[in-house]
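Reviewing the structure listed below.
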Amino acid sequence: MDIYVGNLPWSIDDDGLKNLFSEYGEVMSAKVIKDRETNRSKGFGFVEMDDDSGESAISSLDGSDVEGRSIKVNKSKGKK
């Protein structure tokens, strides 16, 4: 399952994102999207987990507070 994570704190990196979700199951990949020119986080990312762990992570983490920001977590709609 591909999971979209929005409104991330600027300080979080790929490892931080993986650690946030690993509490709910095995994380296959975690990627914070960065601006190509500045290499700064764009404030969102994607996590890949198995379906059961993903559903659990979404229901637990959506709206939760991470470093003072309320993150948005839902199933990724994928690329169009």
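No lab work stands behind these numbers, since they all come straight from the coordinates. In this text, all values refer to a predicted model and were calculated from it rather than measured experimentally. As a convention, Cβ positions derive from the backbone with ideal geometry for all residues, glycine included, and neighbour counts pool all protein chains shown.
Brief remarks on what is shown
- Virtual paramagnetic centre 7 Å along Cα→Cβ of Lys75, amide N under 14 Å, in the stretch 34-63: 49-59
- Ranked by the mean number of other Cβ atoms within 10 Å per residue, highest first, peptides 32-40, 60-68 order as 60-68, 32-40.
- Three-way shape label, the stretch 1-64, alpha-carbon gyration tensor, a/c 1.5: prolate
- The dipole here belongs to the chain: it is taken about the Cα centre, uses +1 on the Cβ of Lys and Arg and -1 on the Cβ of Asp and Glu, and is about 600 debye.
- As a calculated quantity, the FRET efficiency between Asn7 and Asn39 at R0 = 25 Å, using C-beta atoms, amounts to about 0.80.
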